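Chemist: Sharing a structure, written as structure tokens. Questions coming.
Read the figures in this text as sums done on the coordinates, not as results from a lab. What you see is a predicted model, and the numbers here were worked out from it, not measured in a lab. Cβ coordinates were reconstructed from backbone atoms using ideal geometry, including for glycine residues, and neighbour counts include every protein chain displayed.
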Amino acid sequence: MKGYYFGVDVGGTEIKFGLFDDLQRLIDTHKVKTPKEDVRKEIVETIFNVVMEKLDEQEASLNALLGIGVAIPGPVIDGIISTCANLDIGTNFDIATKIKERFQKSHLKVVVGNDANLAAYGEYKYLNNNKIKDALFITLGTGIGGGVIINRQLVTGYTGSAGEIGHIPYNLNNKRLCGCGKFGCVETVAGTSGMIQTAEELMKKEKSVMEKQTITPKLIFDSAKAGDFVGIKVVDSVAKAIGEMAVAVSLVYDPEVIIIGGGVARAGEFLLSKINYHFQKEARFGTVNAKFEMAKLGNDAGFYGAYYLLLE
């Protein structure tokens with residue numbers, strides 16, 4: 001009987017699924033909107049419904065389900081979500097147990113990890129040729145996350161908070177409240193909401209091709225590429241925040257490679273070159289030699305990492 005694994009990446013905007021077979025092949029992907037109400041119950045229900053739908057499409061029974069790996073945007077300890085800045089799920093949510101209960105399979109293998117950590121792990125496992133020992137992964141999207149690889153091992157930390165680099169204090173004078181409850185995090189400048197807020201503030205003083213349009217990260221980057229002053233200023237503020245954050249993290253453990261991923265990273269070399277510029281401008285000592293690369297898995301990195309975690 002053929003077996004199946006699911007990697008699930010729960011984001012602030014959407015939930016992405018990757019279906020893998022027992023030959024370690026990705027055979028299908030799927031995405032749905034993230035629930036905004038009764039979130040604890042509805043996330044579990046959504047995972048259950050999609051998994052059952054995909055198994056049915058494969059003409060497979062529940063017995064063919066070998067495991068579910070879940071990536072969550074927040075610190076995770078032993079399968080329990082401590083807190084989540086961008087999802088209203090409260091504290092200490094044992095999602096692994098709830099998933100097992102919904103499937104009525106107490107022995108079902110369910111693993112849970114921080115989304116940025118698992119995206120880092122997914123990229124590393126998918127791409128690494130074992131020559132790179134130390135890497136930093138930065139994911140740009142609704143929030144700003146990270147993943148730390150030291151000596152080929154994913155570092156999660158004492159409380160599961162390692163890699164929460166989007167909450168490094170950056171500009172305490174901007175008075176923007178972050179989803180974590182603090183002010184001035186990198187995320188308040190470089191996250192999706194922060195980018196939009198910066199654009200709206202600038203457009204009160206400057207003319208822009210974005211006026212009277214719904215502001216999105218894509219519109220901001222497209223406008224910047226077309227030479228729009230406001231778009232250029234927003235992109236530079238994002239690049240500066242990420243570049244200087246990478247400098248701070250690099251001085252802690254000196255990674256060889258810094259990988260940029262996440263939805264906003266679709267801007268590609270246009271954004272990467274600007275991040276690298278600000279990094280090079282402020283980097284100290286030998287950390288200046290760190291190489292920047294774009295992630296290869298794109299928005300699939302989170303569910304790949306969740307899947308790879310299942311295999312351990």
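Chemist: Under a straight-distance cross-link criterion of Cα-Cα below 17 Å, which aspartates and glutamates are reachable from residue 31, leaving out those fewer than 8 residues away in the same chain?
Modeler: Leaving aside aspartates and glutamates fewer than 8 places away in the same chain, those within reach of residue 31 are 9, 14, 42, 45, 53, 56, 57, 115, 300.
Chemist: Further, regarding this structure: Given a 10 angstrom Cα cut-off, can you work out which residue in 247, 209, 230 is the most mobile in a GNM of the chain?
Modeler: Between 247, 209, 230, it is 209 that shows the largest mean-square fluctuation.
Chemist: Looking only at Cα atoms, what is the convex hull volume of the chain per residue, in Å³? Walk me through the numbers before you get to the answer.
Modeler: Values: hull volume 42.5 nm³, N = 312.
Dividing the Cα hull volume of the chain by its residues yields 136 Å³.
Chemist: For region 28-60, which GluC sites (Glu not before Pro) are both in a DSSP coil and crowded by at most 11 other Cβ atoms within 10 Å? Let's see the in-between values first.
Modeler: Values: sites: 37, 42, 45, 53, 57, 59; in loops: 37, 59.
Here the GluC sites (Glu not before Pro) that fit, given the DSSP loop and packing criteria, are 37, 59.
Chemist: Another one. Rank 151, 276, 299 by mean-square fluctuation in a GNM of the chain with C-alpha springs under 10 angstrom and give only the top-ranked residue.
Modeler: 151
Chemist: Need the list of aspartates and glutamates near residue 291 for cross-linking: C-alpha distance under 20 angstrom, and skip anything on the same chain fewer than eight residues off.
Modeler: The qualifying aspartates and glutamates are 123, 134, 236, 244, 254, 256, 269, 282.
Chemist: What FRET efficiency comes out for residue 177 versus residue 28 if R0 is 35 angstrom and r is the Cβ-Cβ distance? Round to the nearest 0.05. Can you show the working numbers first?
Modeler: On the way: r = 39 Å, r/R0 = 1.12.
Taking R0 as 35 Å, the efficiency between residue 177 and residue 28 is 0.35.
Chemist: Pull up the cross-link candidates among the aspartates and glutamates for residue 212, meaning alpha carbon to alpha carbon under 16 Å and not fewer than 8 places away within one chain.
Modeler: By straight Cα distance, residue 212 reaches 200, 201, 222, 228.
Chemist: Give me the one-decimal nm value for the distance between modelled label points at residue 212 and residue 82, 7 Å along each residue's Cα-to-Cβ direction.
Modeler: 4.9
Chemist: Here's another thing I want to ask about it. For the chain, with a Gaussian network of springs between Cα atoms less than 10 Å apart, report the residue from 127, 140, 297 with the top mean-square fluctuation.
Modeler: Highest fluctuation of the listed residues: 127.
Chemist: Right, something else. Determine which residues of region 40-74 fall in the zone a paramagnetic label at residue 101 would reach in this model, i.e. backbone nitrogen under 20 Å from the point 7 Å along Cα→Cβ.
Modeler: From region 40-74, the list is 40-52, 68-72.
Chemist: Between the helical axis of 301-311 and the dominant principal axis of the chain, each derived from Cα atoms, what acute angle in degrees is found, rounded to the nearest 10?
Modeler: 40
Chemist: Specify the angular offset, from 0 to 90 degrees and rounded to the nearest 10, of the alpha carbon long axis of helix 192-203 from the longest principal axis of the alpha carbons in the chain.
Modeler: 30
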